[in-house]
Amino acid sequence: MKFTSIMRVAALAGATVLMTAPAFAVTLNLHNGGDPRSLDPQRVSGNWEDRPVSDYIEGLMTLDAAGNAILGQAASYQVSDDQTVYTFTLRDDAMWSDGTPVTAGDFVLGLQRLVDPATASDYAYLQYAIKNAAAINSGEITDLNELGVKAIDDKTVEITLESPTPYFLQALTHYSAYPNPKHVYDQVGDDWTSIGNVVANGPFVPVEWVPGSYIRAEKNAGYYDAANVQIDEVYYYVLEDDAAALNRYRAGEFDMLSTFSPDAYPLLQSDYPGQAHVVPFLGVYYYVMNQEDPVLADVNVRKALSISINREVIGPEILGTGELPAYSWVPPGTANYEGDTYRPAWADTPYADRVAEAAALMAAAGYTPDNPLNLQLRYNTSDAHQRIAVAIAAMWAPIGVNVELFNADVGTHYDALSAGDFQIGRAGWLMDYNDPINMLDLLKGGTAQEGGTINWGNNYGRYDNDEYDALLDESATQIDLVERAATLHSAEAIAMDEFGVIPIYYYVSKWVIAPQIGGFVDNPVDRHLVRYLTKSE
Amino acid sequence: MFNYAFRRVLSIIPVALIAVTICFFILRLAPGGPFDGERALPPDILRNLAAHYNLDKPLIEQYVIYLGHLVTGDFGPSMVIKDFTIGQLLAIGLPFSLTLGFTAFIVATTIGILAGTIAAVNQNKWPDYVLVLVVMLGVIIPNFLMAHFLQLIFGVYLDWTPTGGYRPGSWEYLILPITVLAWPHAARISRLMRGSMLEVLNTNYVRTARSKGLGERLVLARHAIKPALIPVVSYLGPGLSYLLTGSLVVEQIFGLPGIGKYFINAALNRDYGLVLGTTVLYMFVIIALNLFVDLIYAWLDPKVRYR
């Protein structure tokens, strides 16, 4: 014990000499999960990339601790009467960490780069509400300056939309809309995010990146709200092994875990009560049925498959973390969606009766347990997906369905779904912004391409209903949110009554927060900016 | 000997070429591509990405372009990790993995040889049993289990070492990873050493040395060790290669900035450039190691001579 104490003191002394931060700095150790692919907000798409990026760049709008949109770099905004032109006035004290003021040109640059086909941004479509964004991204328009984002002067940004978009301010909180420092970009181009070049207009500046291990960011003294930021230094640790992450949390090396294995939940509840946060999160776990397959094109077969799933056991018993069963396509709690959550009549029928009805429907289609329908169920490799698939296969056996399970890594899996090379497939969708259209767009009919093919996008099941599409298009023109919500509810009802997709459960976000951390607020978008956190020793 | 070594070095080139070619084409045959994910990318974006990375050109042309870049040392951009070139990633990761692997190797080999010798000399007495048991744990328990186990005991419960992670320049963080890496290797070395030492101790020349009146220590050090090491040395080459590649799991679990995860993740992500880059590098390292081991072999055993 003595030997190691001496060694630890020696090592600590050595490490302190090497560290440039003052010895009394408040350091937050955040388990981030994966290694970000980049610090460029227009080139990332994962929540593990969102965390370091959203702590160093702030958009026109930002989030409060509860996940609501609030003003960020903009001091105020005005909306035109027809709701298509937003004019933002920037704060006077908005600055990059090298002392250069933030200008409207920085926002123009960020959004232009987003839609520029050369950037190949995964999330360009999130800002398609902006005039000409879609056209530029597809190459129809080649002049980036045609994008509906203009710098009226250094402190005024004017954004013109294609049509009134009630969730536009929300969409601006997403990192795809973040500004880029024009003065740095003009000098070093895409290298502007390298450590050494990167500058921040947000509460922290990234100063060190050891790929595979961590990213370290230090407090940005020039941030306009720096006085309220109580963390001096943040480490975003890379660690994808959940068990090892839990060990490090237990050893006190991590203050926050961004996920945990469901098997660890009982241990956390018993030994670390109150530290695990399991909170509903805007996302749906679902199965798609390929409706180009002749058997699955039959709505009664789809109905049988859906009603015979006992969703109530999946969260509490199969996963262990209490995920809620999903009967609607749009998760409850979604903003701009006034009205009752869709709930089919059969959800309240006893399960045994549902199984009987499903068996009858399958028999009518010609399938019984003696002459079963052979279906392949694809999922991407994961313990949880496998458990659920096995359970659902068992639920389908008595109604005359014989399931072949097939798993592949995530890239191959989604490749197959996109290509239509599947019968039943597992998928998940985490909402990009808090508005029902984000979910409903997933069931929109495909768009015809030159060459005669159809691009189904993320509508893997190829659900196609013209009335549904028409309702979505109509909703895009409705300014009154209540009217719009009613239209969208009708659309959802159509798709759900026709069993266009099988929602299974609503996601939960899983955090473990150590007692010394304060200011962490559970929110449905699961974005937690470090500027609101505090750490007591 | 020198001629032999020289010829071996030259032979690296055709071997490398074959390996790169096979790797290149096999990667492309695998289903899926670098840009598949949970969200389908619009076809225009996919087209742009393909053009940017030359993926829309005929395969042979891509191969030739790649070889051309490789010869100048340019591994190209990673399709997944945007902020670092492959060269940069390898420059950070490879020295780390090599350091980790080599340190574990030296620790393991030293401990293995000592343990094997002590066990052989004390055959069937308690030092033999204890040493063999402790060392065998490294073979019985898989390294990912050992890693979590040690993390729990030494990191969480006893709090003697950091549980994981890394700070440049701080060796504290490497204690557990090196232990996990070295243990199975030490186990195998000690078994080999014990076995071959037992054999050597029964040979005529050792008996002669003893009958000459030499002390046991001298007999061991001057007459027994070198021949006993021969089987051990033939294991060292593959053993070191295994250590360097076996660090994949350890790096994942301890969150270390090594090169191992690029192998796994790049293959899963179909990041062609990164997989090829890591494969090429590892290949060179392993070839160099095997050559080195062959040369040591010749030094140890006077009967071995290379034409």
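Taking each residue of B:250-260 in turn, how many C-beta atoms of other protein chains fall within 10 Å of its C-beta, and what is the average?
5
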Residue-averaged [θ]222 nm for chain A, counting only DSSP H segments that reach four residues, each worth -39500 (n - 2.57): -8000 deg cm²/dmol
Per-residue Cβ neighbour rank within 10 angstrom, fewest leading, B:Tyr129, A:Tyr214: B:Tyr129, A:Tyr214
Cα principal axis extents for region A:292-406, largest first, Å: 45, 32, 30
Those aspartates and glutamates that a straight Cα-Cα span of less than 15 Å connects to B:Lys261, excepting residues fewer than 8 apart in one chain: A:Asp35, A:Glu240, A:Asp241, B:Glu251, B:Asp271
Average beta carbon contacts from partner chains per residue of A:455-461, 10 Å cutoff: 2
Test item: A:235-245 mean partner chain Cβ contacts at 10 Å: 5
Charge dipole (debye, nearest 20) of region B:166-280; +1 at Cβ of Lys and Arg, -1 at Cβ of Asp and Glu: 600 debye
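Which three semi-axes in whole Å describe the equivalent ellipsoid of region A:231-343, each the square root of 5 times a Cα gyration tensor eigenvalue, listed largest first?
Calculated on Cα positions only, the semi-axes equal 36, 17, 15 Å.
Please rank A:Trp329, B:Trp171, B:Trp160, fewest neighbouring Cβ atoms within 10 Å first, as an exposure proxy.
B:Trp171, B:Trp160, A:Trp329
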20 Å-binned pair-distance histogram of chain A (Cα, whole percent): 20, 51, 26, 3
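Take A:Thr165, A:Thr173, B:Thr110, A:Thr160 and order them by how many other Cβ atoms sit within 10 Å, fewest up front.
Ascending number of Cβ neighbours within 10 Å: B:Thr110, A:Thr160, A:Thr165, A:Thr173.
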Relative frequency of Cα-Cα separations exceeding 15 Å in region A:153-237, percent: 71 percent
Cα Rg, Dmax (largest Cα-Cα span) when computed across region B:226-307, Å: 16.4, 50
Those aspartates and glutamates that a straight Cα-Cα span of less than 16 Å connects to B:Lys226, excepting residues fewer than 8 apart in one chain: B:Glu199, B:Glu216, B:Asp294, B:Asp301
Spatially close lysines, pair count over chain A: Cα under 19 Å, gap of eight or more or interchain: 4
Fraction of the pair-distance distribution of region A:387-444 above 16 Å, Cα-Cα pairs, percent: 59 percent
Nearest-ten-degree value, helix B:126-140 long axis tilted from longest Cα axis of chain B: 10 degrees
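Rounded to two decimals, what ratio of Rg to Rh does region A:438-495 give with C-alpha atoms and a Kirkwood Rh?
Reported Rg/Rh (Cα atoms, Kirkwood Rh): 1.02.
So what's the convex hull volume per residue for the Cα atoms of region B:67-113, in Å³?
Dividing the Cα hull volume of region B:67-113 by its residues yields 102 Å³.
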Relative counts (whole %) of C-alpha pair distances in chain B, using bins that are 10 Å wide: 5, 21, 25, 23, 15, 7, 3, 1, 0
By average C-beta atoms within 10 angstrom, highest first, the peptides A:408-414, B:144-150: A:408-414, B:144-150
Cα coordinate range in region A:73-221, projected on the principal axes (Å, largest first): 46, 34, 26
Percent antiparallel among DSSP beta bridges (both partners in the protein assembly as shown, rounded to 5): 75 percent
Cα point-scatterer Debye curve for region B:138-213, base-10 log of I(q)/I(0) at q = 0.15, 0.19, 0.25 Å⁻¹: -0.64, -0.81, -1.09
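Computed from the coordinates by the stated procedures, all read-outs in this text should not be read as laboratory data. What you see is a predicted model, and the numbers here were worked out from it, not measured in a lab. When we count neighbours, we look across all protein chains shown, and the Cβ atoms used for this are built from the backbone with ideal geometry, even at glycine.
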